[in-house]
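The values are calculated or read from the model by the stated rules, or taken from the named source; none is laboratory data. All values derive from a computational prediction rather than experimental measurement. Ideal geometry is used to build each Cβ from the backbone, glycine not excepted, and the neighbour counts take in all protein chains shown.
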Amino acid sequence: MLSSTTKRIPVALWIWYRGGNFRGFQRQPEGPTVQAVLEEALASVGVPATIMPSGRTDRGVHARMQVVSVRLEPGDSAEAMEKRLPARLPPDLGLCAVRRPGSFHAQWSASGKGYRYRLRLGGTPDAAWAPYALDVASEPLLQGARAVTPERLEALLGAAVGTRDFIAFHEKSSPQKPRTLESATLHALGGGLYEARLSGDGFARYQVRYLVGSALKAAAGLLPEEAWKAALETGAAMEGFKAPAHGLVLWEVRYPPGVDPFTAGERLHPPGLPLEPPFL
C-alpha cells in the first residue's frame, strides 16, 4: 500500500454552507461543525483526510465560497470526487466544485477575501431573510437610537478603507499587524434590505462584525464619531458593537492568476450554489 502523502492527489474543494446549524467551522468536542461533517462525508467516500480551509468561520456565519485543500488517494480524481461527494452532504452544506490545482494551499495561497453583511434598515420584514439578516430596528443594543440612514452608514464604513492596524476591531487572539481594507460599500437589495460589502487582503477574527456593528452604532448616534475615528486612526479602544453572526457571509476567497483553481465563469455563476437566501 502507498502510504506517502507525496503520492496522494491534491485537490481544492469549493464548498458553501449555511452556518445556523453548525457550531462554527473548526472541529470541536461539542456539536456539529463544518469541518467534522465534511471530513466524515469525505471518509464515507474513501477519502480519510484532514481538510485545510482558507480560514475559519465562527458559529452562525455562512459561506458562499469556502475553499479547502485535501489530498485524494492514489488512483482517485477530482472529477470522480465531484460526482460522489454531494450525496453524502447534509442540506446546509454543499459542494460547488472540485479542481486539481498546481502548487496550491487553500489558506496560504489566498490573496484576499470578500465578505457581505446583510441588514434591514426599513421596510416589511421578510421571513425568508429573517435568519440571514440583522433587523436593525429590533436589535436590543440599538434600541432608542435615531434611525440609521444608508448614506450615513456607508460614509462611516468608507472611512475604514485603507491599510491600518485594526486592533480596535478584532479579537486580541488574532495577530496584531497592518491589514488592508480595499473597499467597504453599502448596496440596496430592495424592500429595506441592504448588504455591506467588504473586501481586503485578510481579516482578523470578528473584524467584519465589529466594523459593521460599530459603524451601525455610530450611525445610530450611540457611539461618538470621534471614538470611531480614533479607533481607526490610532487603535484606541472603544465601546463597539459586534454585529450578530447570522448576517455575515464569507462571499469569496481570491487567489492570484495562475494559482486560482476556479474560472471567472465559475466565480460569477457558482455551479450548484442555492439561489435562495443567504446567497443571491
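Residue-wise test of (1) under 22 Å from residue 219 (Cβ atoms); (2) in contact with a Pro (Cβ under 9 Å, 6 or more places away or on another chain).
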| residue | (1), (2) |
| --- | --- |
| 106 | no, yes |
| 112 | no, no |
| 133 | yes, yes |
| 150 | yes, no |
| 162 | yes, no |
| 170 | yes, no |
| 179 | no, no |
| 186 | yes, yes |
| 189 | yes, no |
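Would you confirm, using the coordinates I've provided, whether residue 64 is assigned by TED's automatic domain parsing to the domain that holds residue 197 and either at pLDDT 95 or above or buried (at least 21 other Cβ atoms within 10 Å of the Cβ) (or both)?
Spelling it out, it is not the case that residue 64 is assigned by TED's automatic domain parsing to the domain that holds residue 197 and either at pLDDT 95 or above or buried (at least 21 other Cβ atoms within 10 Å of the Cβ) (or both).
Can you tell me how many residues in segment 56-107 are in a strand (DSSP E or B) and either out of contact with any His (no Cβ under 7 Å at 6 or more places or on another chain) or touching a residue at least 60 places away in the same chain (Cβ under 8 Å) (or both)?
So the count comes out to 17.
Can you give me the number of residues within segment 139-156 that are assigned to a helix (DSSP H, G or I) and surrounded by fewer than 11 Cβ atoms within 10 Å (Cβ to Cβ)?
Residues that pass the stated criteria total 2.
Residue 199 fails exactly one of the following numbered conditions: (1) of a type outside the set (A, V, I, L, M, F, W, C); (2) buried (at least 22 other Cβ atoms within 10 Å of the Cβ); (3) within 12 Å of the chain's Cα centre (by Cα). What is the number of that condition?
Result: residue 199 passes all but (2).
When you check residue 192 against the structure, is it at pLDDT below 95, farther than 30 Å from residue 97 by Cα and assigned by TED's automatic domain parsing to the domain that holds residue 141, yes or no?
Judged against the criteria, residue 192 is not a match.
In segment 13-40, how many are within 29 Å of residue 133 (Cβ to Cβ), in contact (Cβ under 8 Å) with a residue 12 or more places away in the chain and not in a loop (DSSP other than H, G, I, E, B)?
Total meeting the criteria: 12.
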